[in-house]
1. How much length is gained if the chain between Lys122 and Glu400 is pulled fully straight, taking 0.36 nm per residue apart and subtracting their Cα-Cα distance, in nm to one decimal?
2. With a 1.4 Å probe and all protein chains left in place, how much accessible area per residue does segment 430-526 have, in Å²?
3. At what distance in nm do the modelled label points of Val640 and Thr7 sit from each other, each positioned 7 Å from its Cα along Cα→Cβ?
4. Step through the residues of segment 433-444 one at a time and calculate ³J(HN,Hα) from phi using the Karplus curve (6.51 cos²θ - 1.76 cosθ + 1.60, θ = phi - 60°), rounding each to whole Hz and writing x for Gly and Pro.
5. What full-extension length gain, to one decimal in nm, is calculated for Asp172 and Asp246 as 0.36 nm per residue of separation minus the Cα-Cα distance?
6. Semi-axes, largest first, in whole Å: what does sqrt of 5 times each Cα gyration tensor eigenvalue give for segment 551-636?
7. Take Glu284 and Glu390, extend 7 Å from each Cα along the Cα→Cβ direction, and tell me the distance between the two endpoints in nm.
8. Segment 219-280 to segment 381-446: how many Å between their Cα centroids?
Amino acid sequence: MSEDKKTFYITTPIYYPSDNLHIGHTYCTVMADAMARFKRLEGYDVRFLTGTDEHGQKIQEKAKDKGVTPQAYVDEIVDGIKKLWATMEISYDDFIRTTEPRHMKRVQDIFMRMYNKGDIYKGAYEGWYCTPCESFWTDTQAGENHVCPDCGRPVQKAHEEAYFFKLSKYADKLRELLKGGEFLQPETRVNEMIGFIDQGLEDLCISRSSFDWGIPVPIDEKHVMYVWLDALSNYMTALGYPEVDDGISSENYKKYWPADYHLVGKEIVRFHSIIWPAMLMSIEEPLPKHVLGHGWLLIDGGKMSKSKGNVVDPVVLIDRYGVDALKYFLLREYTFGQDGAFTNEVMLNRMNFDLANDLGNLVSRTVSMIEKYCGGVVPAAGADEGPDAELKEMAVTCYERVSKHMDKFAFNLALEEIWAVIRRTNKYIDETAPWVLAKDEALKGRLDTVMHNLAEALRIVSVLIYPFMHHTSAEIRKQIGAEGDVNWEDAKLFDKMVGATVKKGEAIFPRLDIAKELEELEALKAAPVKPVCTKELIEFDDFEKIDLKTGTIIKAEKHPKADKLLVFQVDFGGEQRQIISGVAGSFKPEECIGQKVVAVVNLKPRMLRGLESNGMLLYACGEDHSYKFVETKADNGIEVG
Ligand code: MSP
């Protein structure tokens, strides 16, 4: 049966592991995840791909600054990215890393296919390079100020022998593709891209020889491939295309390609709607069905970015509010394709109003009333009265409206439809006033009907929210006693709950004290978590060279010729040494006597204002240059290791 299922292949950009990811990357991945879950629920055979784009000059430079190999550098960050996606339960089917052999081999093969087609030639590159964006620019594009037209950062002059891809050859076909109207959305981006083609497409430089952190060009080992050629190919290599001799089958390629949707941020629409289709035209493979450009989350009016230091860390928000609340907020608040401002206040209000008030209250009121009035068991319903029919109709048809919005990636409108049902159900409680019905035994039948309808409406909500917040869906189903797995068909029915046993649980979304939360989030921002390591990494052998020993200060006095220096005599359990430290601002000499210390004892002796210092004491030093002794309880002369 599954053989006949319609397939659905969706991808996120593969992110640069140059830094930890922030809420902007999370936003894109959460959208792709919600869509993948939604399509699975609708019965599609879904393939959801994400991953990391690990080569390039920027990463090589970052690794160098940190004193580690590029591979070690990216391994650590990718580890963190995978942990973040695991915490968020991102339901990807594959995570591709561009440093994996399965990818590298295939990219080389793709390069050869383009080369054999006659689409690649050797030339020289003369222009400007933006390392953060890994983009080439001409003199005109970089302008007088020599900045990147995409990100506004300074570009570097590049003058290199390089391989070029005949992008210009595909200009007419690309224009046609874009004018077709289906390929790129939203519409506004189409004209922008056509404009770009109309300015005259230049051939694309696709190799670099000034650094080496990349996939080697198969015909010339002095060159590595331009990172975008490497990166864009991921969407196919992850499916096993092309077949190379490594035992990985291309079955998935046959099954899932062409991709239904490449979901990307607006700044990389150009790469996906010009370079990527041109590459595919060159290797004569089908083009993806759609490229969707989403907007940015803005902070203080600008794009969030690590280099500006204004990023929002999703981990902090998940720790405080939970995965579902964060996902709900991201999907509900922003309109697909448009930029949106991120503020803590907007987020907290959304969480309080929609989640704690609307949904949380509905769940707790419904379950409490069924426990109180019906012994905890959902009763059968009698004939419709008053608002019953309207409530039912709205609930059982909601899936249609949700599906329509999801077809357009309008997550916010899909959720708004579900919340309309939630709010209607809350209103239904107020209209039917079960607490009044409960006072009159003769109205028990009506009370049962109301309780039944509430349980059914909530069950439908639990199905509809599943793609967006599956934990909450499960928690609601547990509390109302809904059995079995979530099934999309069940959102169309209103008679599944008779006899179910409800069980009150914790509040699904506790109400937040917004003023307090704002203050605490602000404080977290003011005191960012400082990395423990602030210096270049050293080898173990370097560390081994340091001889650390314990000792006791037996004499301390001011240096006769320098205000900042104290002159110590330190007993190392046999040998005594004179060690001078610049800590007169932090200690009086007399309070140092008897202090146990740790010292570096193999530092070459140095003369300090006429007195010899033979070693160095260790202190914990504050940014204001106040010092504290690094204490030890060991006897003198003990090795510290
Ligand atoms: N490695 C390339 C993509 C290659 S795809 C073949 C890259 N990586 S990236 O790490 O810079 O990620 C860019 C993507 O992250 C954006 O296209 C977007 O999906 C997401 N976002 C990064 N910052 C964002 C915001 N401030 N707001 C919304 N999305 C953001 O480009």
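1. Values: separation 278, 0.36 × 278 = 100.08 nm, distance 5.47 nm.
Between Lys122 and Glu400, full extension yields an extra 94.6 nm.
2. Numbers: 4810 Å² over 97 residues.
It amounts to 50 Å² per residue over segment 430-526.
3. The two pseudo-label positions are separated by 6.2 nm.
4. Here the 3J(HN,Hα) series is 6, x, 5, 7, 4, 5, 7, 10, 4, 5, 9, 4 Hz.
5. Details: separation 74, 0.36 × 74 = 26.64 nm, distance 3.70 nm.
Length gained, Asp172 through Asp246: 22.9 nm.
6. Numbers: eigenvalues 63, 51, 30 Å².
Ellipsoid half-lengths, sorted descending, are 18, 16, 12 Å.
7. Once both label points are built, they end up 6.4 nm from each other.
8. Going from one Cα centre to the other spans 46 Å.
The values are calculated or read from the model by the stated rules, or taken from the named source; none is laboratory data. Because the structure is predicted, anything quoted here is derived from the model rather than measured. With ideal geometry, Cβ positions are generated from the backbone for all residues, glycine too; neighbour counts draw on all protein chains shown. Each accessible area value is taken on the protein alone, full model and side chains, heavy atoms only, with ligands, DNA and RNA left out. Shrake-Rupley method; radii C 1.70, N 1.55, O 1.52, S 1.80 Å.
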